[in-house]
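Notes follow the structure.
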Amino acid sequence: MFKIGDFSKLSGLSINTLYHYENIGILEPRFIDGNTNYRYYEADQLVTINKVLALKDAGLSLSEISSTLIEGSLNKEIITMLEDKADSLEKSLELETNRLERLRTNIFLIKNGGVPYMNKISIKQVEPILVASVRKSIQKASSLSFDNFCESLWSTVNKHINKMNSKRSVPCLTMYHSGLFINTDSRQIDMEVVEPITNVIPESNDVKVYELPLVENMASIVHTGSLSTIGETSNTMHKWLSDNGYSTNGPVREIYHKGDWLTDNPDEFVTELQFPVRKD
């Protein structure tokens with residue numbers, strides 16, 4: 001047998017908690033010395049402690065736990081009760097996780113100035129956004145396929161975010177500094193894959209962590225369909241900028257609102273092109 005002090009250490013419960021559990025009938029000492037009033041517990045009573053802690057985690061009050069134990073519920077009944085509660089909690093967590101993802105998406109969209117109407121060009125303000133990114137260049141005539149090149153960049157930034165136990169916001173984006181959508185006569189594509197994140201994390205040799213700056217005048221257009229035809233949408237934007245006396249003033253952002261992680265049909269992809277601009 002163990003004195004109450006020793007049992008307290010074994011169970012992880014304070015002596016006061018053990019006294020309280022005794023008073024409400026959850027866990028009584030196996031033996032109380034009539035002369036010294038010392039309380040003694042057996043090792044097998046640790047199983048009762050496990051049940052109490054499990055039932056508390058399941059959301060039962062101490063009075064409910066006391067009733068459950070006093071009624072002498074079998075282990076099978078208690079396990080079934082806990083498994084039902086675990087299933088319910090798992091569903092609640094899934095709902096809350098989805099709610100959190102929607103919240104982070106909406107936060108991004110607020111910072112992003114919203115999403116413009118389809119096939120409509122607008123000028124909006126884009127707020128600063130905390131990101132982790134990898135920036136590299138590829139020769140347009142390179143033997144390495146563009147898709148494989150992009151995949152390697154995304155893999156690098158996401159592995160670092162996972163390593164740092166950080167949380168992503170959505171959607172992700174690519175920024176083109178040269179060679180695509182901007183300075184298209186360049187022989188190489190200078191691009192940066194960007195994952196919005198919720199907290200500052202350390203950088204690595206390849207991954208940069210910083211805040212995308214405020215852009216007061218961002219021309220925006222939404223492209224629907226496969227990325228293979230996004231060049232046409234870019235041409236529409238460039239013509240509009242020229243007709244309205246604007247010129248680009250920084251890297252172009254390609255924001256992926258709906259892609260292959262949501263649908264297998266490329267015709268349903270939704271991609272936003274953003275051009276920081278200034279009046280000529």
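The values are calculated or read from the model by the stated rules, or taken from the named source; none is laboratory data. Just so it is clear, the structure is predicted and the values come from calculations on it, not from any experiment. Heads up, the Cβs are rebuilt from the backbone with ideal geometry, glycines too, and the neighbour counts pull from every protein chain shown. Remember, those area values only see protein heavy atoms, side chains included, never the ligands or the DNA or RNA. Shrake-Rupley method; radii C 1.70, N 1.55, O 1.52, S 1.80 Å.
A few notes on this one:
- Failed item in (1) under 29 Å from Glu83 (Cβ atoms); (2) at pLDDT 90 or above; (3) open to solvent by 50 Å² or more (accessible area, probe 1.4 Å), with Asn16 passing the rest: (1)
- Flag not set for Ile79, criterion: in contact with a Ser or Thr (Cβ under 8 Å, 6 or more places away or on another chain) and either in the same structural domain as Val207 (by the TED database) or modelled with pLDDT under 90 (or both).
- Residue in the stretch 228-240 that is within 30 Å of the chain's Cα centre (by Cα) and open to solvent by 20 Å² or more (accessible area, probe 1.4 Å) present: yes
- Test: Thr105 is hydroxyl-bearing (Ser, Thr, Tyr), outside the structural domain of Asn217 (by the TED database) and under 30 Å from Glu272 (Cβ atoms): yes
For (1) aliphatic (A, V, I, L, M); (2) modelled with pLDDT under 85; (3) closer than 23 Å to Leu262 by Cβ; (4) more than 25 Å from the chain's Cα centre (by Cα), each residue gets a yes or a no:
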| residue | (1), (2), (3), (4) |
| --- | --- |
| Gly114 | no, yes, yes, no |
| Ile138 | yes, no, no, yes |
| Thr156 | no, no, no, no |
| Ser169 | no, no, yes, no |
| Arg187 | no, no, no, yes |
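- Note on the stretch 181-280: enclosed strands (runs of 3 or more DSSP E) holding 3 or more residues that are touching a residue at least 60 places away in the same chain (Cβ under 8 Å) and either within 28 Å of Gln139 (Cβ to Cβ) or in contact with a helix residue (DSSP H, G or I) (Cβ under 8 Å, 6 or more places away or on another chain) (or both) are 188-196, 208-212, 215-224, 252-258, 270-279.
Residue by residue, here is whether (1) more than 28 Å from Asn235 (Cβ to Cβ); (2) open to solvent by 70 Å² or more (accessible area, probe 1.4 Å); (3) not hydroxyl-bearing (Ser, Thr, Tyr) holds:
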{"residue": "Ile121", "(1), (2), (3)": "no, no, yes"}
{"residue": "Gln125", "(1), (2), (3)": "no, yes, yes"}
{"residue": "Pro128", "(1), (2), (3)": "yes, no, yes"}
{"residue": "Ser145", "(1), (2), (3)": "no, no, no"}
{"residue": "Glu151", "(1), (2), (3)": "no, yes, yes"}
{"residue": "Val157", "(1), (2), (3)": "yes, no, yes"}
{"residue": "Cys172", "(1), (2), (3)": "no, no, yes"}
{"residue": "Thr184", "(1), (2), (3)": "no, yes, no"}
{"residue": "Asn199", "(1), (2), (3)": "yes, no, yes"}
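- Remark: pairs (first residue in the stretch 144-161, touching a residue at least 40 places away in the same chain (Cβ under 8 Å) and part of a helix (DSSP H, G or I); second residue open to solvent by 40 Å² or more (accessible area, probe 1.4 Å) and not β-branched (Val, Ile, Thr); Cβ separation under 7 Å; 6+ apart in sequence or on different chains) = Leu153/Lys136; Thr156/Asp206; His160/Ser204; Ile161/Arg168.
- Every residue from the stretch 33-56 that is open to solvent by 70 Å² or more (accessible area, probe 1.4 Å) and over 29 Å from Asp84 (Cα atoms): Gly34, Asn35, Asn37, Tyr38
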